Each structure stands twice: as structure tokens, then as C-alpha cells.
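Below: the structure, in C-alpha cells.
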Amino acid sequence: MYCNWRIAELKDELKKRGASFIGKKDELIERLELNDQNNIYVSPECRTDEDPKMKLPKTYQALNSDTILPPLDKTMIRHYLGYTEKKMNNIMQLYESRILLTVKSSIVCDNTYIKGTMKTLPNEVDVVLNKSGNPEASHCKCPAGSGTNALCKHVAVLLFGVENMVRDKFILLHEDCTQNLPKINLSNKSVKPKKPI
Ligand SMILES: [Zn+2]
């Protein structure tokens, strides 16, 4: 429906919705369509020109094998992101290339806030999981990651990392970065957790 819009109109509409309006025409259209799908409608009086920020906790703890996480699984990730199987596989490869530097979490009420940093820009990604593990909100500093329901690849990689932690009690991080995690042997991905949970 946005194909006939002029770039200025697309940018205006994104601006009104508080979303990022940087990018090529195709990207702007995609962002508006995603925005529509997620039913993010910001009432006119609440609109600002700023990138809307998620409300985040003040303190976080580095994720480790004892961190309590809600039962996030790949189906939930796929539902949230709306990615195809192929795109999910691409993200898995990106995650396995260890682009995550650090992952921290904080539990507030029933929600688990996860903050990740990346080896490459953007360097900060946030996701919120409810107590069932379903992602509720996400934000990333990349152009596609604005708003509170960012569905960019960085959000996806962070969710894959958390899912890995839930499933196997470890997470693949950039090698230079230690986070008191069990040592991971790359040639043997089915490392058993140290302690039974
Ligand atoms: Zn991003």
C-alpha cells in the first residue's frame, strides 16, 4: 500500500509514528509495513521526533549458567520476528560467528530484561521477555531497530543467544570476552552443563 507514496511522505509517516526514517525507499516501506503488522500506533499527542526508548532497569547482571531465564524457545523467536526459515538459519550463522560481546539480564516484576552488546555496531540491543519466555519488546540502535518492537538481525542474534542459554546453559560470545561462563569447546557443541538444574 505504500508503494505509491513519495519518499517525503514515507519519512513523514515514520516520523509521526516515532520510528526511524533513515534509509532507502524500500527500507522505509518495509519499516512501515512491519510497523503496521505490529499494530504500533502512537497517538498524535504522544508523538515525538525522537527515537522512542524502552523503559529499562537500572541494574543488570552478567548472564551465567546460574541465571534464571524464562523458557524462550525458537518457535517464540520466529513468531516474534516473523522471519522465514532461511532468515532464521542466516541469523543462527551470525550468532555462531560470535558477534555477541556481553549479555546481561535483569528481572523486574515478571519480565526479564536482556541487554546485549555486539562486536560490531550497533553496540547495544535490548529485549524484554515475559515470564513465559515470549519476547514482548525489543530495541536496537541500528537504523532498522528503532521503536520498541525492533525486529532487526541484532535483536534476533540476542534472542538466539538467550535461547541457547535456556537450552544448553551456555552462550556463544566473542572470544576476547569472558563472562564467568562454562568454557565452550567449539568442536563439541553439546557440552553438558556443570550442574544439573
Ligand atoms: Zn539492530
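Quick one: in region 106-133, of everything that is within 17 Å of residue 151 (Cα to Cα) and hydroxyl-bearing (Ser, Thr, Tyr), which residue is surrounded by the most Cβ atoms within 10 Å (Cβ to Cβ)?
Looking at the filtered set, the residue picked out is 113.
Restricting attention to region 67-98, which residues are free of Cβ contacts under 8 Å to residues at least 24 places away in the same chain and assigned to a loop (DSSP other than H, G, I, E, B)?
Answer for region 67-98, where residues must be free of Cβ contacts under 8 Å to residues at least 24 places away in the same chain and assigned to a loop (DSSP other than H, G, I, E, B): 84, 97.
Could you count how many residues in region 20-54 are at pLDDT 80 or above, under 22 Å from the mean Cα position of the chain (by Cα) and assigned to a loop (DSSP other than H, G, I, E, B)?
The qualifying residues number 4.
Among the residues of region 89-114, write down those that are among the aromatic types (Phe, Trp, Tyr) and farther than 16 Å from residue 55 by Cα. Step through it out loud before you land on a result.
Taking region 89-114 first, the residues among the aromatic types (Phe, Trp, Tyr) are 95, 113.
95 - this is the single residue of region 89-114 that is among the aromatic types (Phe, Trp, Tyr) and farther than 16 Å from residue 55 by Cα.
Select, from 121, 101, 129, the only residue that is among the aliphatic types (A, V, I, L, M) and free of Cβ contacts under 8 Å to residues at least 60 places away in the same chain. Outline the logic, then answer.
Details: 101 fails: free of Cβ contacts under 8 Å to residues at least 60 places away in the same chain; 129 fails: free of Cβ contacts under 8 Å to residues at least 60 places away in the same chain.
The match here is 121.
Which residue out of 106, 138, 146 is within 16 Å of the ligand (Cβ to nearest atom), touching a strand residue (DSSP E or B) at 6+ places or on another chain (Cβ under 7 Å) and of a type outside the set (Asp, Glu)?
On the way: 106 fails: within 16 Å of the ligand (Cβ to nearest atom); 146 fails: touching a strand residue (DSSP E or B) at 6+ places or on another chain (Cβ under 7 Å).
Just one listed residue meets the conditions, 138.
Looking at region 109-133 only, could you name the residues that are under 12 Å from the mean Cα position of the chain (by Cα) and more than 16 Å from the ligand (Cβ to nearest atom)?
113, 129, listed by residue number.
The values are calculated or read from the model by the stated rules, or taken from the named source; none is laboratory data. The shown structure was predicted, so the numbers you read here are calculated from the model rather than taken from an experiment. Reconstructed Cβ throughout: ideal geometry from the backbone, glycine too, with neighbour counts over all protein chains shown.
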